[in-house]
Amino acid sequence: HLPIPLDMKYITGDLFSCPRDESLAHCISGECRMGAGIAVMFKKKFGRVSELKDQKKLPGQCAVLAHDQRFIYYLITKKKASQKPTYVSLRQSLEDMKSHCLQNGVNRISIPQIGCGLDKLQWSEVSKILEQVFKDTNISITVYSLPCVGLKLQMHAM
């Protein structure tokens, strides 16, 4: 059979304005500190950090919170907040998330440009990994990015 390509859309806007039934995903460290970047917004919005820590996930795995009618995925891409992730740990954590999605009937996920903010991975590479991991599934991914002005405003607001 022909592989089904990943259905990936791009939206300029606020990730948290996505439909309430779309699951969300972003990258964090195993420490679950979430002290910088978009992770701060996830911590404010969804909290339950002790619940994430109790899952004792390692780099290459994915912690999950059920929230209303969706899941919030925390891709563990590094052990400590001060470290940088690798493409390998990102891919492994995405594979782990994919398994959870398939087991739980999740077919729509909204994400920021994961790994590309403070973590310094290249989106051109990350988008290829997403394509490889999620092709042949019925999972669609919407990538949100803030307009440049919005990003500066958001950083000042913190």
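Check off (1) in contact with a helix residue (DSSP H, G or I) (Cβ under 8 Å, 6 or more places away or on another chain); (2) closer than 19 Å to VAL133 by Cα; (3) modelled with pLDDT of 95 or more for LEU65 and give me the number that stays unchecked.
Only one criterion is unmet by LEU65, namely (2).
List pairs: first residue in segment 59-73 and over 11 Å from SER29 (Cα atoms), second residue among the basic types (Lys, Arg) anywhere in the structure, Cβ distance under 8 angstrom, at least six positions apart or on different chains.
LEU65/ARG48; ASP68/ARG20; GLN69/ARG20; ARG70/ARG20
Tally up the residues in segment 34-44 that are closer than 22 Å to ASP96 by Cβ and without any contact (Cβ under 8 Å) to a residue 40 or more places away in the chain, please.
Our first condition is that a residue be closer than 22 Å to ASP96 by Cβ; within segment 34-44, this holds for 34, 37-39, 42-43.
Those still in the list that are without any contact (Cβ under 8 Å) to a residue 40 or more places away in the chain too: 34, 39, 42-43.
Residues in segment 34-44 being closer than 22 Å to ASP96 by Cβ and without any contact (Cβ under 8 Å) to a residue 40 or more places away in the chain: 4 in total.
Mind listing whichever residues of segment 1-16 are touching a residue at least 24 places away in the same chain (Cβ under 8 Å) and outside any strand (DSSP E or B)?
Kept after step one, since they are touching a residue at least 24 places away in the same chain (Cβ under 8 Å), are these residues of segment 1-16: 3-16.
Answer for segment 1-16, where residues must be touching a residue at least 24 places away in the same chain (Cβ under 8 Å) and outside any strand (DSSP E or B): PRO3, ILE4, PRO5, LEU6, GLY13, ASP14, LEU15, PHE16.
Just to be sure, is MET41 touching a helix residue (DSSP H, G or I) at 6+ places or on another chain (Cβ under 6 Å), modelled with pLDDT under 95 and closer than 25 Å to SER145 by Cβ? Please lay out each step first, then the result.
On the way: touching a helix residue (DSSP H, G or I) at 6+ places or on another chain (Cβ under 6 Å): no; modelled with pLDDT under 95: yes; closer than 25 Å to SER145 by Cβ: yes.
Criteria not met by MET41.
Give segment 95-106 a look and list any residue that's out of contact with any Phe, Trp or Tyr (no Cβ under 7 Å at 6 or more places or on another chain) and in contact (Cβ under 8 Å) with a residue 40 or more places away in the chain, or say none.
Correct list: CYS101 only.
Mind listing whichever residues of segment 25-75 are under 14 Å from the mean Cα position of the chain (by Cα), surrounded by fewer than 19 Cβ atoms within 10 Å (Cβ to Cβ) and among the small types (Gly, Ala, Ser)?
GLY37
Inside segment 103-122, can you point out the residues that are under 20 Å from THR12 (Cα atoms) and at pLDDT 90 or above?
The answer is ARG108, ILE109, SER110, ILE111, PRO112, GLN113, GLN122.
The values are calculated or read from the model by the stated rules, or taken from the named source; none is laboratory data. All values reported here derive from a predicted model rather than from experimental measurement. Glycine gets a Cβ as well: all are built from the backbone with ideal geometry, and neighbour counts include every protein chain shown.
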